[in-house]
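As structure tokens, the structure follows; a few thoughts come after it.
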Amino acid sequence: MADTIDPARADDAPLTTSKHPSAAVKTATAQLGSPDDGDADTLIGRTVTIRRPRAELFAYWRDFANLPSFMDNVERIEVLDDRRSRWTVKAPGEATVEWTASITDERDGEYIAWATEEGADVPNSGRIEFRDAQGDRGTIVTATILYDPPGGFIGKVIAKMFQREPAIQARRDLRRFKQLMETGEIATGARNQRLLDEGKN
């Protein structure tokens, strides 16, 4: 029996938690769109609650030049126009991968959806959503990404070993985004390591 997700019976749980991964990828492809090339077959999703207003978070994220400030593996983003950007991202073995992404859908203050254009080193599409948290607790930020890992399963394993796998990075990047937006800085272990090296900690 083929895996399917019946919209009439589906709950509000994220697609990334589905017990039917192939059906979740198919549904995500229909909802998010598909990159122009590749066979995007890996779906990830991460969520964080940030104690800042939704409009502020959306505006910061929408200025793509801000993203390398908290996305550890993103070396640079060149904004090409109001809908397109060129990304250069660290990969395992001191390599980099590149792609051009286009905004496919957007609602001010609520979400941004994108898909890579033809020729992407890592074909991907996704959506970042901003929703008010209950009880005046800030904003719920959810990233959902559908991608085609370079090198298939083996490439995914290697990326995971080098901490460059998108599921790992999405979790870390959202955590850093939360720190930056709530405190104005991103906590690192650099100072503590220096103090340890100097014998002061």
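Below are the figures for this structure:
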| item | result |
| --- | --- |
| Extreme residue, farthest from Glu110 (Cα to Cα), among residues of the range 121-131 that are out of contact with any Gly (no Cβ under 8 Å at 6 or more places or on another chain) and either hydroxyl-bearing (Ser, Thr, Tyr) or at pLDDT 90 or above (or both) | Arg127 |
| Verdict on Ala24 being of a type in the set (A, V, I, L, M), modelled with pLDDT under 95 and either surrounded by fewer than 14 Cβ atoms within 10 Å (Cβ to Cβ) or part of a helix (DSSP H, G or I) (or both) | yes |
| Candidates Ala113, Ala187, filtered to the one that is closer than 28 Å to Glu56 by Cα, at pLDDT below 85 and not hydroxyl-bearing (Ser, Thr, Tyr) | Ala187 |
| Scope the range 111-141; condition surrounded by fewer than 21 Cβ atoms within 10 Å (Cβ to Cβ), not in a loop (DSSP other than H, G, I, E, B) and not hydrophobic (A, V, I, L, M, F, W, C); matching residues | Tyr111, Glu129, Arg131, Asp132, Gln134, Gly135, Asp136 |
| Subset tally (residues that are closer than 20 Å to Ala170 by Cβ, in a loop (DSSP other than H, G, I, E, B) and either out of contact with any Leu (no Cβ under 6 Å at 6 or more places or on another chain) or without any contact (Cβ under 8 Å) to a residue 24 or more places away in the chain (or both)) for the range 59-97 | 4 |
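The values are calculated or read from the model by the stated rules, or taken from the named source; none is laboratory data. The structure presented is a predicted model; accordingly, all values stated were derived computationally and were not measured. So basically every Cβ, Gly included, is an ideal-geometry build from the backbone, and we count neighbours across all protein chains shown.
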